[in-house]
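A quick write-up on the structure given underneath.
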Amino acid sequence: MTKGIYALLFLLVIASGLALANRANEPEKPQKFSLQPANIAENKAALKRWEASPDGIAFNKWKASPEGKKVVTNAAKILPHTKDGSSMEAVVTSLTLPAGSRLGYGVMVKIDGEAFILSFGVLKLSEMQQLNSLKVNDKILIKSRAVSYAPKYAYAIVAGDYVEREKKILYKRIPPKDGC
């Protein structure tokens, strides 16, 4: 009888070990997290906290300065084009960005008589070859999804999504495959 009990106990230990081993080898399922719309009150509170921080105070001070007002006004001029995805005519004014820029590859352009930074970010070599053919005073068509500004730069920053010169596409941003 004792041998029977030992045999059953041994089988129970083996079965438990196998069950735990199989469970440990299963890949973990990624947890789904939902992007719930943030509470408006929470957003306003977070904005107030940031505005009270040293960075927020410095940014608001720059935005109220004459240089900041000019940059914000220029960004507002082309904001409708970025929202509806329409083309903007531009003239290349410089093939280099201002000293100290950390925006990746970009050029300086004039849109409606105002200077902007046309930034493409970090590009692959194949994408840069077409853009390297740009010259100062080239007239191009630009489509962008965003315009931004920062105290570090004296110009508004236009995100380059599409560039065309003489009906030839020089650059077209390919959206990421993961959707972000």
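The values are calculated or read from the model by the stated rules, or taken from the named source; none is laboratory data. Since this is a predicted model, take the numbers as computed values, not measurements. Cβ coordinates were reconstructed from backbone atoms using ideal geometry, including for glycine residues, and neighbour counts include every protein chain displayed. Surface areas here come from the heavy atoms of the whole protein model, side chains and all, with no ligands, DNA or RNA. Shrake-Rupley method; radii C 1.70, N 1.55, O 1.52, S 1.80 Å.
Among the conditions (1) closer than 23 Å to ASP55 by Cβ; (2) of a type in the set (Phe, Trp, Tyr); (3) open to solvent by less than 50 Å² (accessible area, probe 1.4 Å), TYR155 misses just one, which is (3).
Among the residues of the range 126-180, what is the count of those that are of a type in the set (S, T, N, Q), touching a helix residue (DSSP H, G or I) at 6+ places or on another chain (Cβ under 9 Å) and part of a loop (DSSP other than H, G, I, E, B)? If you could, list the steps in order and put the result at the bottom.
From the range 126-180, those of a type in the set (S, T, N, Q) are 126, 129-130, 132-133, 137, 144, 148; that's our starting set.
Within this subset, residues satisfying the condition of being touching a helix residue (DSSP H, G or I) at 6+ places or on another chain (Cβ under 9 Å) are 144, 148.
Remaining after also requiring part of a loop (DSSP other than H, G, I, E, B): 144.
Within the range 126-180, residues that are of a type in the set (S, T, N, Q), touching a helix residue (DSSP H, G or I) at 6+ places or on another chain (Cβ under 9 Å) and part of a loop (DSSP other than H, G, I, E, B) number 1.
For the range 124-180, a residue qualifies if it is small (Gly, Ala, Ser) and without any contact (Cβ under 8 Å) to a residue 24 or more places away in the chain, and the qualifying residues are SER126, ALA150, GLY179. Does the range 43-63 include one or more residues that are without any contact (Cβ under 8 Å) to a residue 24 or more places away in the chain, over 23 Å from the mean Cα position of the chain (by Cα) and open to solvent by less than 60 Å² (accessible area, probe 1.4 Å)? Yes, because at least one residue in the range 43-63 is without any contact (Cβ under 8 Å) to a residue 24 or more places away in the chain, over 23 Å from the mean Cα position of the chain (by Cα) and open to solvent by less than 60 Å² (accessible area, probe 1.4 Å).
Every condition in (1) out of contact with any helix residue (DSSP H, G or I) (no Cβ under 6 Å at 6 or more places or on another chain); (2) assigned to a loop (DSSP other than H, G, I, E, B) holds for ILE117 except the one numbered (2). Give me the pairs: first residue in the range 82-96 and within 16 Å of GLU166 (Cβ to Cβ), second residue among the polar types (S, T, N, Q), beta-carbon distance under 7 Å, and six or more apart or on different chains, which are they? Pairs found: VAL91/ASN137; VAL92/ASN137.
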